[in-house]
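What follows is one structure encoded as structure tokens, with my remarks underneath.
The values are calculated or read from the model by the stated rules, or taken from the named source; none is laboratory data. Quick caveat: nothing in here was measured; it's all calculated off a predicted structure. Counting neighbours? That spans all protein chains shown, and the Cβs are built from the backbone with ideal geometry, glycine included.
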């Protein structure tokens, strides 16, 4: 049909009175499969059990296509089920309102209306219905009607691979793959009488990226997360109480804006080393480590008091007489977890005798999974990729850089991590100077929040940025659901398109 002759396209719920027209359209659409239409009794049952799942497309008032579906408890079926089994011997008793998968049992477009992308409209409706019902995905057995021409020379698996590589044209399978359905397995003896497919079918699946597994807990994880970054001014402090008073001031400030996280910079407590300038630099940093336990305890109290998750930047810590650069995640539920700088800089090693840690992990929070890398660590892409593989959505990077050169390394690497790992990256550093503290003289920073570069995000990949070298807070909202969409539908998909057949990244045990 020419588009010029189309006056109206309507998507509507199937009604019993549509049956005769539906039957005729089905017969026209399945010419190689006689008697493939549903009985009126079956259509009445489908409409009664699941009216939302049965839709038709009308063009100029005429039925042009149809999609029929059930909701099933997918785990109750074997992987190699048949069409008869999934439909309960065509009684549809397998429909379960409390099920977790939308199962397509029929979809067609009449021959005269093909080429108008009507099938995409039907599939898009199913996807929207799946999201609306919070089901984990869509599944169906897809026919491969061109297979009978190659059955003697190709296995179904080989046939599907050649279709995927465009060496064989199968309009049905090609269409389904182009609509983001991925082949899962071969189903033998799926549809009785389907001679064109040699009774084989391909189990095709689509994952609902917005699916939330029902929880028995009262708490739910947030989709939009508010970040509070503290761009900390280095200044002389005489006592630890003074530095914690300033820290509380910033925690209070970002919590007023209902931030979910407060991010402090690396070594924000360095001013306390001024009282130990009479010592050698390795001795002074070890004296600073004596404050760490008390500071973490105070931050934990603040996280509960102000209802905010606090990332404490980093502080020196002594373990078994070795010096490490360590930070803490103080959650608002009172729990505390630590993270370590894995790659110490040449200066940290040479001047202070600092060791690199070996702990790398993703943290579960009430706002999803996060990762934390301290300064220099963000310049090693393997670390953030391992975190991304473990489900990280937001990467936090507390840093301290003295020159603009050092800052540029952290900044540019952090932005690269956001793109290649399809995540958000928040960096926070210190500004100002400490003329009375050896090895901590000057600081340069511009705190920022980076995003992937795709249509749902800022064009330049920068969500928010602080004024360089100025004490301030930076507040930014990040939408986790946009990451889920990006993973599946992005213009490019860095995580999904990795060539794992030629390289791999794994942890050493």
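Suppose the filter is within 19 Å of residue 475 (Cα to Cα) and out of contact with any strand residue (DSSP E or B) (no Cβ under 9 Å at 6 or more places or on another chain); does residue 436 pass it? Give the derivation first.
Details: within 19 Å of residue 475 (Cα to Cα): no; out of contact with any strand residue (DSSP E or B) (no Cβ under 9 Å at 6 or more places or on another chain): yes.
No.
Please go through (1) in contact (Cβ under 8 Å) with a residue 60 or more places away in the chain; (2) farther than 28 Å from residue 138 by Cβ for residue 207 and return the number of the only condition it doesn't satisfy.
(2)
Quickly run through the stretch 447-472 and pick out the residues that are surrounded by fewer than 22 Cβ atoms within 10 Å (Cβ to Cβ) and closer than 21 Å to residue 257 by Cα.
462, 463, 464, 465, 467, 470, 471, 472
Residues that are more than 18 Å from residue 254 (Cα to Cα) and part of a loop (DSSP other than H, G, I, E, B): does the stretch 312-327 have at least one?
The first filter runs over the stretch 312-327 and keeps only residues more than 18 Å from residue 254 (Cα to Cα), leaving 314-327.
Filter once more, keeping what is part of a loop (DSSP other than H, G, I, E, B): 320-321.
Yes, there is a match, as at least one residue in the stretch 312-327 is more than 18 Å from residue 254 (Cα to Cα) and part of a loop (DSSP other than H, G, I, E, B).
Give the number of residues within the stretch 314-348 that are on the phi > 0 side of the Ramachandran plot and at pLDDT 95 or above.
Just the residues of the stretch 314-348 that are on the phi > 0 side of the Ramachandran plot, to begin with: 320-321, 334.
Of the ones still in play, those that are also at pLDDT 95 or above are none.
Total satisfying the criteria: 0.
Can you tell me which residues in the stretch 137-148 are modelled with pLDDT of 90 or more, touching a helix residue (DSSP H, G or I) at 6+ places or on another chain (Cβ under 8 Å) and under 16 Å from residue 180 (Cβ atoms)?
137, 138, 139 - these are the residues of the stretch 137-148 that are modelled with pLDDT of 90 or more, touching a helix residue (DSSP H, G or I) at 6+ places or on another chain (Cβ under 8 Å) and under 16 Å from residue 180 (Cβ atoms).
Based on this model, can you work out whether residue 251 counts as in a helix (DSSP H, G or I) and either in contact with a helix residue (DSSP H, G or I) (Cβ under 9 Å, 6 or more places away or on another chain) or at pLDDT below 90 (or both)?
Yes, satisfied.
If the requirement is being surrounded by fewer than 18 Cβ atoms within 10 Å (Cβ to Cβ) and farther than 19 Å from residue 443 by Cα, which of these qualifies: 257, 324?
Values: 324 fails: surrounded by fewer than 18 Cβ atoms within 10 Å (Cβ to Cβ).
Result of the check over 257, 324: 257.
With respect to residue 231, is the statement that it is outside any loop (DSSP other than H, G, I, E, B), out of contact with any helix residue (DSSP H, G or I) (no Cβ under 8 Å at 6 or more places or on another chain) and modelled with pLDDT of 95 or more true? Let's see the steps before the verdict.
Working: outside any loop (DSSP other than H, G, I, E, B): yes; out of contact with any helix residue (DSSP H, G or I) (no Cβ under 8 Å at 6 or more places or on another chain): yes; modelled with pLDDT of 95 or more: yes.
Taking the combined requirement at face value, the residue satisfies it.
Going through 46, 11 one at a time, which residue ends up being over 23 Å from residue 145 (Cα atoms), in contact (Cβ under 8 Å) with a residue 60 or more places away in the chain and assigned by TED's automatic domain parsing to the domain that holds residue 105?
The match here is 11.
Going residue by residue through the stretch 470-481, is there one that turns out to be closer than 30 Å to residue 278 by Cα and assigned to a strand (DSSP E or B)?
No, the stretch 470-481 has no match at all.
Identify all residues within the stretch 49-76 that are out of contact with any strand residue (DSSP E or B) (no Cβ under 7 Å at 6 or more places or on another chain) and either assigned to a strand (DSSP E or B) or closer than 29 Å to residue 207 by Cβ (or both); write none if there are none. If you could, list the steps in order and put the result at the bottom.
Going through the stretch 49-76, the residues out of contact with any strand residue (DSSP E or B) (no Cβ under 7 Å at 6 or more places or on another chain) turn out to be 49, 52, 60-62, 73, 75-76.
Within the stretch 49-76, 49, 52, 62, 73, 75, 76 meet the criteria.
What strands (runs of 3 or more DSSP E) completely inside the stretch 332-414 contain at least 3 residues that are crowded, with 21+ Cβ neighbours inside 10 Å?
Where strands (runs of 3 or more DSSP E) fall fully within the stretch 332-414 and carry at least 3 residues being crowded, with 21+ Cβ neighbours inside 10 Å, they are 368-372, 394-398.
Answer yes or no: is there a residue in the stretch 186-207 that is at pLDDT 90 or above, in a loop (DSSP other than H, G, I, E, B), buried (at least 16 other Cβ atoms within 10 Å of the Cβ) and in the same structural domain as residue 73 (by TED's automatic domain parsing).
yes
So residue 79 clears everything in (1) assigned to a loop (DSSP other than H, G, I, E, B); (2) closer than 19 Å to residue 130 by Cα; (3) in contact (Cβ under 8 Å) with a residue 60 or more places away in the chain except one condition, right? Which one?
The single condition residue 79 does not satisfy is (2).
Working only within the stretch 145-155, note down all residues that are assigned to a helix (DSSP H, G or I) and farther than 15 Å from residue 191 by Cα.
Once the filter is applied, which keeps residues that are assigned to a helix (DSSP H, G or I) and farther than 15 Å from residue 191 by Cα, the stretch 145-155 yields only 149.
Could you check the stretch 20-41 and list, in sequence order, the residues that are surrounded by 17 or more Cβ atoms within 10 Å (Cβ to Cβ) and not in a loop (DSSP other than H, G, I, E, B)?
22, 25, 26, 29
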